[in-house]
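*Asks:* Okay, here's the structure, questions in a sec.
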Amino acid sequence: MSNLLDDPIKSEPGTLKSENGGYVKKDVLAKIDAYHSLIAEIDKMMISDAAINAQLLKIRHMPLRKAKLLFIPANGFSVSQTDILIAELERKIANKVML
């Protein structure tokens with residue numbers, strides 16, 4: 001897959017599109033940053049399998065709340081694009097651990 005975000009929704013490659021009622025941007029950025037930090041630790045071989053599993057569990061439980069202003073949906077990152085990106089990061093980690 002050349003870029004996860006090229007096809008489903010027309011936006012700049014590598015960016016998450018904003019949409020009304022999407023995920024809270026701060027939540028998405030924190031979760032993606034946590035995935036990238038874990039991938040960096042795996043690449044440097046600085047982490048055990050047990051620690052990888054513990055980190056993955058912690059990251060998976062990080063909240064992805066829907067953006068809203070009181071009861072009205074607000075702008076956030078695209079739900080579908082975010083879900084695709086998170087699934088790809090999960091696959092990337094699984095492939096690294098399975099080597």
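Read the figures in this text as sums done on the coordinates, not as results from a lab. Source: prediction; values computed, not measured. Cβ: placed from backbone, ideal geometry, glycine included. Neighbour counts: every protein chain shown.
*Asks:* Taking the Cα centre of segment 28-90 as the origin, how large is its charge dipole in debye, to the nearest 20, when only Lys and Arg (+1) and Asp and Glu (-1) carry charge on their Cβ atoms? If you can, show how the numbers build up before the last one.
*Replies:* Working: 7 positive and 7 negative charges, 86 e Å.
Using Cβ point charges on Lys, Arg, Asp and Glu, segment 28-90 gives about 420 debye.
*Asks:* Using a Cα-Cα cut-off of under 18 Å, which lysines could be cross-linked to LYS25, ignoring same-chain neighbours fewer than 8 residues away?
*Replies:* LYS17, LYS66, LYS68
*Asks:* Across segment 41-57, in residue order, what do the Karplus-derived ³J(HN,Hα) couplings come to in whole Hz, using 6.51 cos²θ - 1.76 cosθ + 1.60 with θ = phi - 60° and x for Gly and Pro?
*Replies:* My calculation for segment 41-57 gives 5, 5, 4, 7, 6, 9, 9, 7, 4, 5, 5, 4, 4, 5, 5, 4, 4 Hz in order.
*Asks:* So, in nm, how far is label MET45 from label ALA94 when the simple model puts each one 7 Å beyond its Cα toward the Cβ?
*Replies:* So the two model labels end up 2.5 nm from each other.
*Asks:* Taking the Cα-to-Cβ direction at ALA87 and at PHE71 and moving 7 Å from each Cα, how far apart do the two end points lie in nm?
*Replies:* In this crude label model, ALA87 to PHE71 measures out at 3.3 nm.
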